[in-house]
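To start, the structure under review is shown below, and the notes come after it.
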Amino acid sequence: MSTLKWAATNADSLLADLDLPPAAYRALLKLRGRSEAGGLISIDQAALGELLRLSRPSVNAALRELELAKLVKKVRNGVYQINPMLAGYACPEDAEVAVKAMSKADRLDSKNYVASYHKAVAAYQDQLAEQRKKRAALAAAKKTAAGRRRGSLHAVG
């Protein structure tokens, strides 16, 4: 078990305002509990799914929510970075250095943080809706083209 004691932000008060889906909240807690000092964690989606007793698509959706909230960032496959303001550290000086090195856009203590999260979620939902429309239009076009081809076929006798 980790001996990390220091975090730059109280996660509970911050996360209460976000209204994260339960799976995302659970994933964040597991990731925080198993991370190294500074918030780096090596775990793939399948292993995280086993820990949470969730399917891989559910884990993928939870991680997507955490990324939209800027709480977790995917470094590469199987490696994630918890936001430095939520990560655990061995001493308060390490936490302070990590937070000072962050870009303003990734900080969780911004006045507009919760609003920007909800805006990011809405933009993502709009993007998904647009993709669904495109797929539906493509399927309809294929169906129409197939109907035309069938209509132009003549029986040979």
Quiz item: Taking springs between alpha-carbon atoms closer than 10 angstrom, which of Ala136, Ala120, Ala69 fluctuates most in the Gaussian network model of the chain?
Solution: Ala136
Self-check item: Cα gyration tensor shape of the stretch 11-69, rounded if a/c is under 1.5, else prolate or oblate by comparing a/b with b/c
Solution: oblate
Self-check item: Theoretical gain in end-to-end length, Val114 to Asp17 [0.36 nm per residue, Cα-Cα removed]
Solution: 34.2 nm
Quiz item: Over the C-alpha atoms of the chain, what are the Rg and the largest Cα-to-Cα span, Dmax, in Å?
Solution: 22.1, 88
Practice problem: Between Gly88, Gly38, Gly78, find the one with the highest GNM mean-square fluctuation for the chain; connect C-alpha pairs within less than 10 Å. | Solution: Gly78
Exercise. Holding the Cα-Cα limit at 29 Å, pick out from Lys74/Lys104; Lys104/Lys133; Lys74/Lys142; Lys30/Lys133; Lys30/Lys134 the pairs that are longer than that.
Key: Lys104/Lys133; Lys74/Lys142; Lys30/Lys133; Lys30/Lys134
Exercise. Evaluate E = 1/(1 + (r/R0)^6) for Tyr124 and Val79, where r is the Cβ-Cβ distance and R0 equals 22 Å; express this FRET efficiency to the nearest 0.05.
Key: 0.45
Exercise. Calculate one ³J(HN,Hα) per residue across the stretch 80-91 by plugging θ = phi - 60° into the Karplus curve 6.51 cos²θ - 1.76 cosθ + 1.60, and present them in order as whole Hz with x for glycine and proline.
Key: 10, 10, 6, 3, x, 6, 10, 5, x, 9, 6, 8
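Bear in mind these aren't lab numbers, they're just calculated from the coordinates by the rules spelled out. This one's a predicted model, so the numbers in the text were calculated from it and none came from an experiment. Using ideal geometry, Cβ is built from the backbone for each residue, glycine included, and neighbour counts are taken over all protein chains shown.
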